[in-house]
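Chemist: Have a look at this one before I ask anything.
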Amino acid sequence: MRIAVVGAGAMGTIIGSLMTERGCEVELIDSYKDHVEALQEHGAKIIGGIEKTIPVKAIFPHQVSGIYDLIISITKHSGIIESLENIKPYTNKDTVVLTLQNGMPEEKSKQLFPEENLMGGGMEFSGTFIGPGVSKLASAEDTLGISFGSYHGNITEKVMEVKSMLENAGHVEITDNLRGVRWTKLTDNSTFSGFQTALGCTVGEILDNDEAMDCIAHIGMECASVIEAQGVEPVELFGLLPNPERVCFSNDEEKEKVKAYWKEVYSPYRSQIASMLQDIRNGKKCEIDNINGETVRIAEKVGVETPLNKKIVEMVTKLQDKEVDLATAWNNLDEFKKLI
């Protein structure tokens, strides 16, 4: 199977290099010149949860050739359409497109490819881009995993073939409920990634602050309420299952149990730095509109109030647009406390 990883940032580099190491035919495709050249010359250096350097094949988009059997798309949301348009001439009627971005990327990929060719999923580990050629696995090696499924939920021979490829990078779970996977992952990103970005901190700093954890409990309950209102059954990922039984509460005693649950799930990710926060630190636009913004949009359609998710969108946008100094972002906690 000939595989293209489109978008070789931290997550794409980790997945692609580990698959390469196990004998898969993988090409890492990216437009960041220094990064691609570093990968070509020195291989992919992975630090953190694992420490190794793996020789890889990395190319620029204009160097793409031949036909791919599997496209693994991990670009930013803003680049999904363009990147898939560019790769489409190098696919055929049997090529599978697997979107592993956060949010709801299949709604974009189905504009270009038949739904029966689409798969999607969520990555369970955390990655940080350190610099050209260097990516950090910001969680333990045993977190390396992907849950994925076909667009319509059918577990086909092709799904099993893709699973066998992905298992070269870590443990893999197949789901017949891709929408449930997506909403669990969106809850993950809307809570710790979104809130972490709004405060300019790590996961660990949130876990160690009781007032911040109060906010996490309320953000998570907002997400669970949106999921329940749609009639979606969330799928458990890395211990997170955002259903009412796990993350909703009606009094302080129940809230403390919910906070303990969030702490248990996220303790392995203490050093994680959200990709949105990494983008803002690097002067780039982040994906807040496709993370908490998506939660807010769906909430409005189903009649659920999400004041903390709205505040995250507001504060992250201000940080992104430099209306608020990232160095003082932790002070934004006061704005969230007012809402609970």
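The values are calculated or read from the model by the stated rules, or taken from the named source; none is laboratory data. Here the structure is a predicted model, which is why all the values come from computation and not from measurement. For neighbour counting, all protein chains shown are included, and Cβ atoms are generated from backbone atoms with ideal geometry for every residue, glycine included.
Chemist: Restricting to region 107-123, count the residues that are in contact (Cβ under 8 Å) with a residue 60 or more places away in the chain and surrounded by fewer than 23 Cβ atoms within 10 Å (Cβ to Cβ).
Modeler: 0
Chemist: Turning to a different aspect of this structure: For Gly293, indicate whether it is buried (at least 18 other Cβ atoms within 10 Å of the Cβ), without any contact (Cβ under 8 Å) to a residue 24 or more places away in the chain and not assigned by TED's automatic domain parsing to the domain that holds Asn102.
Modeler: Values: buried (at least 18 other Cβ atoms within 10 Å of the Cβ): yes; without any contact (Cβ under 8 Å) to a residue 24 or more places away in the chain: yes; not assigned by TED's automatic domain parsing to the domain that holds Asn102: yes.
Yes: the conditions hold for Gly293.
Chemist: Given the options Ala224, Ala212, Ala260, Ala274, name the one that is modelled with pLDDT under 95 and among the small types (Gly, Ala, Ser).
Modeler: Working: Ala224 fails: modelled with pLDDT under 95; Ala212 fails: modelled with pLDDT under 95; Ala260 fails: modelled with pLDDT under 95.
Step by step, each of Ala224, Ala212, Ala260, Ala274 is checked, and only Ala274 is modelled with pLDDT under 95 and among the small types (Gly, Ala, Ser).
Chemist: Under the condition of being of a type in the set (Asp, Glu), assigned to a helix (DSSP H, G or I) and in contact (Cβ under 8 Å) with a residue 24 or more places away in the chain, which residue from region 211-239 is surrounded by the fewest Cβ atoms within 10 Å (Cβ to Cβ)? Show your work before the answer.
Modeler: Step one: of region 211-239, the residues of a type in the set (Asp, Glu) are 211, 214, 222, 228, 233, 236.
Narrowing further to those that are assigned to a helix (DSSP H, G or I): 211, 214, 222, 228.
Checking which are in contact (Cβ under 8 Å) with a residue 24 or more places away in the chain leaves us with 211, 214, 222.
Working: Glu211: 12, Asp214: 19, Glu222: 26.
Only one residue fits best here, namely Glu211.
Chemist: Another question, if that's okay. Only one of these conditions is not met by Glu37: (1) of a type outside the set (Phe, Trp, Tyr); (2) surrounded by 14 or more Cβ atoms within 10 Å (Cβ to Cβ); (3) within 24 Å of Cys286 (Cα to Cα). Which number is it?
Modeler: Of the numbered conditions (1) of a type outside the set (Phe, Trp, Tyr); (2) surrounded by 14 or more Cβ atoms within 10 Å (Cβ to Cβ); (3) within 24 Å of Cys286 (Cα to Cα), the odd one out for Glu37 is (3).
Chemist: Still on this structure: Kindly indicate which of Ser139, Ser78 is at pLDDT below 95, among the small types (Gly, Ala, Ser) and surrounded by fewer than 19 Cβ atoms within 10 Å (Cβ to Cβ).
Modeler: On the way: Ser139 fails: surrounded by fewer than 19 Cβ atoms within 10 Å (Cβ to Cβ).
Only one candidate passes the filter, namely Ser78.
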